[in-house]
1. Does residue 88 count as more than 29 Å from residue 25 (Cβ to Cβ) and open to solvent by 50 Å² or more (accessible area, probe 1.4 Å)?
2. Counting only residues that are hydrophobic (A, V, I, L, M, F, W, C), in contact with a strand residue (DSSP E or B) (Cβ under 9 Å, 6 or more places away or on another chain) and either surrounded by fewer than 23 Cβ atoms within 10 Å (Cβ to Cβ) or without any contact (Cβ under 8 Å) to a residue 40 or more places away in the chain (or both), how many does the range 216-225 have?
3. Can you name every residue in the range 131-156 that is open to solvent by 20 Å² or more (accessible area, probe 1.4 Å) and within 18 Å of residue 234 (Cα to Cα)?
4. Going through 271, 258, 250 one at a time, which residue ends up being open to solvent by 60 Å² or more (accessible area, probe 1.4 Å) and either among the charged types (D, E, K, R) or over 12 Å from residue 156 (Cα atoms) (or both)?
5. Counting only residues that are open to solvent by 40 Å² or more (accessible area, probe 1.4 Å) and farther than 16 Å from residue 282 by Cα, which one in the range 1-36 is modelled with the lowest pLDDT?
6. Within the range 119-128, can one find any residue that is of a type in the set (Phe, Trp, Tyr), open to solvent by 20 Å² or more (accessible area, probe 1.4 Å) and not in a helix (DSSP H, G or I)?
7. Does the range 282-302 contain any residue that is open to solvent by 30 Å² or more (accessible area, probe 1.4 Å) and within 17 Å of the chain's Cα centre (by Cα)?
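The values are calculated or read from the model by the stated rules, or taken from the named source; none is laboratory data. Predicted model only: the values in this text are computed from it and were never measured. When we count neighbours, we look across all protein chains shown, and the Cβ atoms used for this are built from the backbone with ideal geometry, even at glycine. Ligands, DNA and RNA are stripped out before the accessible areas are found, and what is left, the full protein with its side chains, is counted by its heavy atoms. Shrake-Rupley method; radii C 1.70, N 1.55, O 1.52, S 1.80 Å.
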Amino acid sequence: MRPGPVLFAGGSGVVGRAALTWFRERHPDVPVIVGGRNIQRAREAARETGATGAVAIDLDRAGIGLDDSGDVSAVIALAPDHALHGLRYAQDQGIPYVSGSTWLAEAGAEMALFAHRPTVPVVLASHWYGGSAMFLALRGAEEFDTLHSVRIGAVLDEQDATGPAATEDMERSEGSAAALALEHGRRVWLVGDAGKGKVQAIDGRVLDADAYAPLDIVSLHAATRADSIRFDLAIGASSSRRRGGPIAAEVTVELKGEADGRPQESRSTLEFAGGQASLTGLSVVLALPAVLGLDGRTPVQPGIHLPELLSDTDWFLRQLLDAGATIHENH
């Protein structure tokens, strides 16, 4: 990584502050700058997290409001980069770019921009909870010789903290009116009643849910070759809050396939008492050592990268456990 601080674009938001806190805790010697449209909020986030400083940025402007001689070593986009000026800025500066707020239907624009100018590492890290659900599924898949189906259910607590950018992000995804899934080996777009589903929460409740299409769908398809893959999101009280604990992010993974020539099923759960912003922020941060060449790792080369190709599954889940996650597998 070249000298210079890491720019957390959107670092003053709810997920951004969580990511900054985790990054400062894990890499206190790496300088970081909080980038935000509101400079006062960015400075406040910098003070709270011990960041090096704050700058005013505008992802809707060419150059994102920074001059071309900016001393920045990477751009971590934790706010929607609608016009992809953040990615273009990273390409202009010759530095890595990590996308943490792009829905699957939008990722093609980032891929095309890279294809036309394949000069820097571009990490597509907009998986649900930053990739936690996907890694839980990948761990369970290791127990199968052949995996037929993957069903991921997430519960988002209605009282969990979400900022305006996150709310806008969810509304944008709902505007697509369809969710990608795999059924019997074929890609399908779920609309209307087909997009209505159920999620069994950790405490056993069955909640109404809607199909969504985060990047987990295509990552798991590529990694597991499962014929059927679906992601459903339920919004309601988390199991932790219902039993008197704190608001928590929770995920369930249900797998079906074969092992040792016999049909096999498994169910795994992950619960994180820090809530969705903290879990998402931590998970994005776990991809950064490979991107930035930290912890003795060799920085990745220019290319399109995905979190599951940057981190070992067992290592990733151990980091979540060390941070307070509760994981139950194969029950």
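1. Values: more than 29 Å from residue 25 (Cβ to Cβ): yes; open to solvent by 50 Å² or more (accessible area, probe 1.4 Å): yes.
Taking the combined requirement at face value, the residue satisfies it.
2. Going through the range 216-225, the residues hydrophobic (A, V, I, L, M, F, W, C) turn out to be 217-218, 220, 222-223.
Retained after the next criterion (residues that are in contact with a strand residue (DSSP E or B) (Cβ under 9 Å, 6 or more places away or on another chain)): 217-218, 220.
Imposing the further condition that a residue be either surrounded by fewer than 23 Cβ atoms within 10 Å (Cβ to Cβ) or without any contact (Cβ under 8 Å) to a residue 40 or more places away in the chain (or both) reduces the set to 218.
So the answer is 1.
3. Of everything in the range 131-156, those that are open to solvent by 20 Å² or more (accessible area, probe 1.4 Å) and within 18 Å of residue 234 (Cα to Cα) turn out to be 151, 156.
4. Sole residue among the options that is open to solvent by 60 Å² or more (accessible area, probe 1.4 Å) and either among the charged types (D, E, K, R) or over 12 Å from residue 156 (Cα atoms) (or both): 258.
5. Here the residue is 1.
6. Taking the range 119-128 and keeping what is of a type in the set (Phe, Trp, Tyr), we get 128.
Those left that are additionally open to solvent by 20 Å² or more (accessible area, probe 1.4 Å): 128.
Now restrict to residues that are not in a helix (DSSP H, G or I): none.
No; the residues of the range 119-128 include none that is of a type in the set (Phe, Trp, Tyr), open to solvent by 20 Å² or more (accessible area, probe 1.4 Å) and not in a helix (DSSP H, G or I).
7. no
Conditions (1) at pLDDT below 95; (2) in a strand (DSSP E or B), marked per residue:
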residue: 139; (1), (2): no, no
residue: 153; (1), (2): no, yes
residue: 158; (1), (2): yes, no
residue: 168; (1), (2): yes, no
residue: 172; (1), (2): yes, no
residue: 188; (1), (2): no, yes
residue: 194; (1), (2): no, no
residue: 207; (1), (2): no, yes
residue: 230; (1), (2): no, yes
